[in-house]
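The values are calculated or read from the model by the stated rules, or taken from the named source; none is laboratory data. Just so it is clear, the structure is predicted and the values come from calculations on it, not from any experiment. Virtual Cβ from ideal backbone geometry, glycine too; neighbours counted across all protein chains shown.
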Amino acid sequence: MQYTLLILVLPLLSFIVLGLVDSKWKPKVAGTIGTVVLGIMMALSYYTAWEYFSLHKINGIYEKVIPMNMEWIRFTEFLHIDLGILLDPISVMMLVVITTISFLVNFYSLSYMHGEKGFQRYYAFLSLFTFSMLGLVVATNIFQMYIFWELVGVSSFLLIGFYYTKPSAVAAAKKAFIVTRFADLFFLIGILILSFYTKTFDFGALTAEHPTVFAGAAGATFMGYGVISWAMAGIFIGGAGKSAMFPLQIWLPDAMEGPTPVSALIHAATMVVAGVFLVARFFPVYYFQTPEVLHGVAYIGAFTALFAAVIACVQTDIKRVLAFSTISQIAFMMVALGVSGYEGQEGTGFMASMFHLFTHAMFKALLFLGAGSVIHAVHSNEIKDMGGLRKYMPITNWTFFIACLAIAGIPPFSGFFSKDEILSASYEFSPFMGGIMTFIAALTAFYMFRLYFSIFWGKDYVVKASHGHDDHGHGHTPHESPFLMSFPLIFLAAVTCVAGFIPFGEFVSSTGADYHIHINATVAIMSVVVASISILVATLMYRKPTATPDKLASTFSGLYKGASNRFYLDEVYLFITRKIIFNSVSRPIAWFDRHVIDATMDGFANTTQWVSVKIKGFQSGQVQQYAYVFLLGTLLIAALIIIF
Amino acid sequence: MDILNNILAGQIPMELYLGVSLIMFFAGIYGFLSRRSMLMILISIELMLNAADINFVVFNRYLFPGQMEGFFFALFTIAIAACETAVAIAIIINIYRNLTSVEVGTLDQMKE
């Protein structure tokens, strides 16, 4: 399966070519190249998936295939950094998800980004992102993963700051980069501790059924916990940074400053699930070596899911609602991993997490692309500027509706199946966890339908009369998006309708063996009922303009205000960084830099200058004077030679 | 007295040749250091070169009579001295065109 290398090389080439020619080629050419390359990669990924899942099953277990692996840097006989490609069920599944969403987003952007300045740059960055994300999922060792992990961060930074003339976009890009980078510091520390004790970077050795590499770390502890626990906690913090877990989630809502297709690709479907993928990749290590950390993952996930869902209920910017919903859904996946067992039916959580990752990528990309279509039509992100759009944009309306049903967990849409598995895994873990997750699922249904009704129903759309001129050449009434934009919507909606029936457990499970999905009737009925009630409440409140939302807001004014301001977490961060870290750490260090280090360097420079001014007189420019000195020198040397 | 006898006998000793070249060389150095005109400095340099040529020839003649290296080296030096003079005069002419002077003291731009 050597050809899988092409999947990695193609987007890199596309990035280099598009990045180098930049504006020398017409936007259309750049866009076509980017999209066609992605199309080829998508076909290749599908072929890889077909070949892998049909040919590489040995004794009922999917084996790990490493088509290529080369040594890159060698430290010792055991410790070396490799670059290679590892195919196993989860990485093949990710290949399919990433290339599919990436292709659709490229396709969609042809129309959405039409006429934007820097169109070619946009496509170059998209290719860079796809390259890094694919490199991340097929990594054969932690270090390769870390390299691509950072590359993903960079491309996310570049794309959030795509409108770099807008101060808010620049600030958002910086925030995303710094927060994730801060988390990655812990990731690096985790990697270093882990490799120090296990003497390997290789996933194969670390996640083997009966790993021998942990023997060296058996007795070593730090502050009461084993060193491996600390290492795995550090690695999880890295994942939490990328996947926006509490309290590192603050960057994701701001990241919506980027173009909407980028939000769909990076900040909803692919990059933000990198943390989940990381935990899944290390799952055997978490489960067997450090179960306490795995439980921590579950609790942090549950809290984040609740926290984000509450905030999502009151946000007024449609992309931010979707952003908080993304945080909440990713937290669902984390919970599923955290509560999972390992073998057989106990491995529900793992399978459910990956399944939810798969279905969520599809319907959340659909939601974002739908939101992009709406924003394209009304030129605003705010709910108050929308309402009654169903008459103008039927395709967007229906596809958005399907996605909302899917995320709310209504059968037969894909979200129901995956979420149901997560809920039953949570109930198996503890009824308390299950109860919380059900409550969050209800909140999810509520806020998604609040969003849906606010955009497409509610008050009638007020056509703006005094719009002046229109630079897009269409009338003042909102209109359905062109084919280039509606095709991805329809495609994703179709996937969302059928994806739930994929026998996902036969492809992806914690051990690689078959897993048969059983719908747990009690849990399923309960979750559907709860979701339906939430949808009903949302329908009553938002289908027609009513006073209920405002009344509720004033009744729970404390909660409402807190949630609107995202529970002041950003302010807390600002306080900690500006007041505490800047004053007590950064300023003294800056003083030291300026008054000690710089002063030393200035001292060298000043001394040199002083000396050179003093000896400048020797250099008179008079040839004869030089000759005189030369003669004296010669005579002196001659005299010395004669004497000694 | 020995020296005088030798001279009279037609055998000039090496020390005399070396004495001549020594005088020429230091006359050249003196000229180089004291003259103001660049042309005179150039002539002084030629004087020093010629002193060196004499040394080559003399050492070859008296110390290694069977060999020719010293003579040829002297010929080389003469050729190179001719080239060097041509270049130097070209430089001096250019300096004169720019500064209307061949006084070496006026040429102090080299310090910058």
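Observations on the structure shown:
- Selection from the range B:59-85 of residues that are of a type in the set (A, V, I, L, M) and either in contact (Cβ under 8 Å) with a residue 24 or more places away in the chain or more than 14 Å from B:L49 (Cβ to Cβ) (or both): B:L63, B:M68, B:I78, B:A81
- The set of residues in the range B:27-50 that are of a type in the set (D, E, K, R) and either part of a loop (DSSP other than H, G, I, E, B) or within 14 Å of chain A (Cβ to nearest Cβ) (or both) comprises B:R35, B:R36.
- Some residue of the range A:404-420 being under 17 Å from A:A524 (Cβ atoms), assigned to a helix (DSSP H, G or I) and either polar (S, T, N, Q) or in contact with a strand residue (DSSP E or B) (Cβ under 6 Å, 6 or more places away or on another chain) (or both): yes
- Selected residue [surrounded by 12 or more Cβ atoms within 10 Å (Cβ to Cβ) and either away from every other protein chain (no Cβ under 14 Å) or of a type in the set (G, A, S) (or both)] from A:D602, A:D570: A:D570
- B:M24 vs. criteria surrounded by 12 or more Cβ atoms within 10 Å (Cβ to Cβ), within 14 Å of chain A (Cβ to nearest Cβ), aliphatic (A, V, I, L, M) and under 23 Å from A:Q624 (Cβ atoms): no
- Among the residues of the range A:140-151, the one identified as buried (at least 23 other Cβ atoms within 10 Å of the Cβ), among the aliphatic types (A, V, I, L, M) and modelled with pLDDT of 90 or more is A:M145.
- Looking across the range A:52-79 at every residue that is among the β-branched types (V, I, T) and loosely packed, with under 10 Cβ neighbours inside 10 Å, the one that is nearest to A:S510 (Cα to Cα) is identified as A:I58.
- Inspection of the range A:58-80 finds no residue satisfying the criterion of being under 16 Å from A:V97 (Cβ atoms) and of a type in the set (A, V, I, L, M).
- Verdict on A:A43 being in contact with a helix residue (DSSP H, G or I) (Cβ under 9 Å, 6 or more places away or on another chain) and either acidic (D, E) or buried (at least 17 other Cβ atoms within 10 Å of the Cβ) (or both): no
- Residues that are more than 18 Å from A:S620 (Cβ to Cβ) and either of a type in the set (K, R) or within 13 Å of chain A (Cβ to nearest Cβ) (or both), drawn from the range B:71-112: B:A88, B:I91, B:I92, B:R97, B:V102
- Considering only residues in the range B:49-79 that are surrounded by 14 or more Cβ atoms within 10 Å (Cβ to Cβ) and of a type in the set (G, A, S), the one that is farthest from B:I29 (Cα to Cα) turns out to be B:G70.
- A Cβ distance below 9 Å, combined with a sequence gap of six or more or placement on separate chains, defines the contacts here; from the range A:503-532, residues that are of a type in the set (F, W, Y) reach residues that are part of a helix (DSSP H, G or I) and surrounded by fewer than 18 Cβ atoms within 10 Å (Cβ to Cβ) in the pairs A:F507/A:F53; A:Y515/A:G344; A:Y515/A:Q345; A:Y515/A:E506.
- Test: A:G388 is more than 22 Å from the chain's Cα centre (by Cα), buried (at least 24 other Cβ atoms within 10 Å of the Cβ), touching a residue at least 40 places away in the same chain (Cβ under 8 Å) and at positive phi: no
- Candidates B:G70, B:G31, filtered to the one that is out of contact with any strand residue (DSSP E or B) (no Cβ under 8 Å at 6 or more places or on another chain) and under 17 Å from A:Q625 (Cβ atoms): B:G31
- Selection status of A:A627, within 14 Å of chain B (Cβ to nearest Cβ), surrounded by 11 or more Cβ atoms within 10 Å (Cβ to Cβ) and among the aliphatic types (A, V, I, L, M): yes
- Which listed residue is surrounded by 10 or more Cβ atoms within 10 Å (Cβ to Cβ), more than 14 Å from every other protein chain (Cβ to nearest Cβ), more than 30 Å from A:F446 (Cβ to Cβ) and among the hydrophobic types (A, V, I, L, M, F, W, C), from A:I643, A:I637: A:I637
- Complete set of residues in the range A:245-268 that are closer than 16 Å to A:L369 by Cβ and either of a type outside the set (A, V, I, L, M) or out of contact with any Lys or Arg (no Cβ under 8 Å at 6 or more places or on another chain) (or both): A:G258, A:P259, A:T260, A:P261, A:V262, A:S263, A:L265, A:I266, A:H267
- The range A:93-113, residues that are in a helix (DSSP H, G or I) and over 18 Å from the mean Cα position of the chain (by Cα): A:F107, A:Y108, A:S109, A:L110, A:S111, A:Y112
- Of all residues in the range A:498-534, none satisfies the criterion of being under 15 Å from A:E63 (Cα atoms) and modelled with pLDDT of 85 or more.
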